[in-house]
Amino acid sequence: MDYCPDSWDEPTFTGLAAGFPEVCRLHGKEPVKRVAFEGTNTGRRFYMCSVQGLVVLLEELVLLLQVLKLLDQLVVLLQVLKLLKLLVLVVLLLLQVLVVLLQVQVLVVLLQVL
C-alpha cells in the first residue's frame, strides 16, 4: 500500500509489531499493527509506521482538546441560561407584585368614590 487508509484498532491485531523483520525506512522504528476501515480495503490487516500512529494520536488529542474547550464553553453558556431563567422569574414575580399593587390602588380609588 502506498498510503495509509483509515484504520482502527482491532483487539486481536493491535500494538507494536515486535520482532517484525522490517522497520520504517524513514524513522527506523518498529511498525504498529492496524486494520483498514476504508472502502475495499476494509478488514485488511497491515503494518504502519509507529511515528505516523503517534501523529494520528496527537491529531486526535488536539481534536479532543478542541471538543473539551467547546464543552467548557457550553457549560458556561448553560450557566448563563440558568441565570437568565432566574432573571425572567424575578421579572415575572415583580410584574405580579405590580399587578397586585395596581389592583389595590383601584380598590382604594373605588372606595373613595363610594
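The values are calculated or read from the model by the stated rules, or taken from the named source; none is laboratory data. Owing to the predicted nature of the structure, the values given are computational and were not obtained by experimental measurement. Positions of Cβ are generated from backbone atoms using ideal geometry, with glycine treated the same way; all protein chains shown enter the neighbour counts. Note: accessible area is taken over every heavy atom of the protein model, side chains too, but ligands, DNA and RNA are not part of it. Shrake-Rupley method; radii C 1.70, N 1.55, O 1.52, S 1.80 Å.
Summary table
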{"quantity": "Single condition LYS33 does not satisfy, out of (1) surrounded by 10 or more Cβ atoms within 10 Å (Cβ to Cβ); (2) assigned to a helix (DSSP H, G or I); (3) not aromatic (Phe, Trp, Tyr)", "calculated": "(2)"}
{"quantity": "Which numbered condition GLU59 fails, given (1) in contact with a Pro (Cβ under 7 Å, 6 or more places away or on another chain); (2) open to solvent by 100 Å² or more (accessible area, probe 1.4 Å)", "calculated": "(1)"}
{"quantity": "Conditions (1) of a type in the set (A, V, I, L, M, F, W, C); (2) more than 30 Å from GLU10 (Cβ to Cβ); (3) more than 31 Å from the chain's Cα centre (by Cα): number failed by CYS24", "calculated": "(2)"}
